[in-house]
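Working notes, structure below.
Read-outs: derived from the displayed coordinates by stated rules, not from any lab. Quick caveat: nothing in here was measured; it's all calculated off a predicted structure. Here Cβ is always computed from backbone atoms with ideal geometry, including for glycine, and neighbour counts include all displayed protein chains.
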Amino acid sequence: MNPFVSIVNFLNQGGATLYVLVACSILLIGVVFERWYKLKSLMIDHEWLLAQMAYFLQQGEKSKALEFCQQVPGCLPRVFEAALMRYDRKQSDIEGAMGTTISEQQHVLEKNLGIIGTMAVIAPFIGLFGTVMGIIHSFEDIASKGATNPAVVSAGVAEALIATAAGLFVAIISVVAFNYFKGRSKLAISQMHIASNKLVEMILLSREKQAFPEDLRPPGMPAMAAH
C-alpha cells in the first residue's frame with residue numbers, strides 16, 4: 001500500500017482531534033529545533049572566556065578585553081561587555097549592570113519555552129477530547145446500526161485509542177524537551193552569575209594593579225601585578 005495513503009487513512013481513523021495533534025507536533029518540532037540551534041550559539045565555555053579576560057586585565061588592557069567580548073557571540077560576553085563598559089565605575093554599578101544584563105539574557109535563553117510548556121499541558125486534554133468524541137461516535141453507531149456486530153463500534157473505539165495515544169505522545173515529548181531546555185537555561189544562568197563574580201574581582205584587582213590569585217589565572221599564567 002502507498003505509505004502516503006496509509007498515513008491519510010490513519011489520520012482519518014483518528015478523527016479531527018488527531019489533525020489538531022499533528023499540527024501541535026509540527027509546531028513543537030519547529031520550536032525544539034529553534035531552541036536547540038539558538039542555545040548552541042548562545043552558550044560558550046565560561047572558563048575559556050574568563051581566561052581571556054584574565055589575560056587582558058592582568059596586563060591592564062581593559063579596552064582589548066572589551067573589544068574581545070564584543071566580537072564573541074553568546075550570552076556571557078554580553079554580561080562581561082556591560083561590566084567592562086563600566087570598568088571605572090563603583091563596584092555596585094558594575095554588579096548592577098551585570099545583574100540587569102543576566103536578566104535580559106535569561107529572557108533570550110527561555111524564549112519560546114512557554115510554547116513547549118503549553119503543549120505539555122494541553123496535549124493530553126486534546127487527546128482526552130478525542131477519546132470522548134470516539135466513544136460518542138461508538139454509541140451513535142450502536143444506536144443507528146445496532147450492537148450485534150463488534151465492527152459497528154470499532155471505528156469509534158479506534159478513534160478514541162488513537163487520540164489518547166497521540167495526545168500522550170505529544171505531551172511526553174513536550175515535557176522532555178521543556179525540562180531539557182529549562183535545565184540548559186538554568187545551567188547557563190548559574191554560570192553567568194559565577195563568572196560575573198569572578199570578573200568583578202578581576203576588575204577590582206586590575207584597577208588596584210594587584211596580582212590575580214591563582215584561581216583567577218589561566219593555567220600557566222604567572223602571578224603578576226596589573227600594569
task: Mind listing whichever residues of segment 188-217 are touching a residue at least 40 places away in the same chain (Cβ under 8 Å) and within 25 Å of K40 (Cβ to Cβ)?
output: A188, I189, Q191, M192, H193, I194, A195, S196, K198, L199
message: Go through segment 31-46 and report how many residues are under 26 Å from E67 (Cβ atoms) and surrounded by fewer than 12 Cβ atoms within 10 Å (Cβ to Cβ).
response: 3
Among residues of segment 97-132, those that are closer than 22 Å to L42 by Cα, surrounded by 14 or more Cβ atoms within 10 Å (Cβ to Cβ) and small (G, A, S), counted: 3
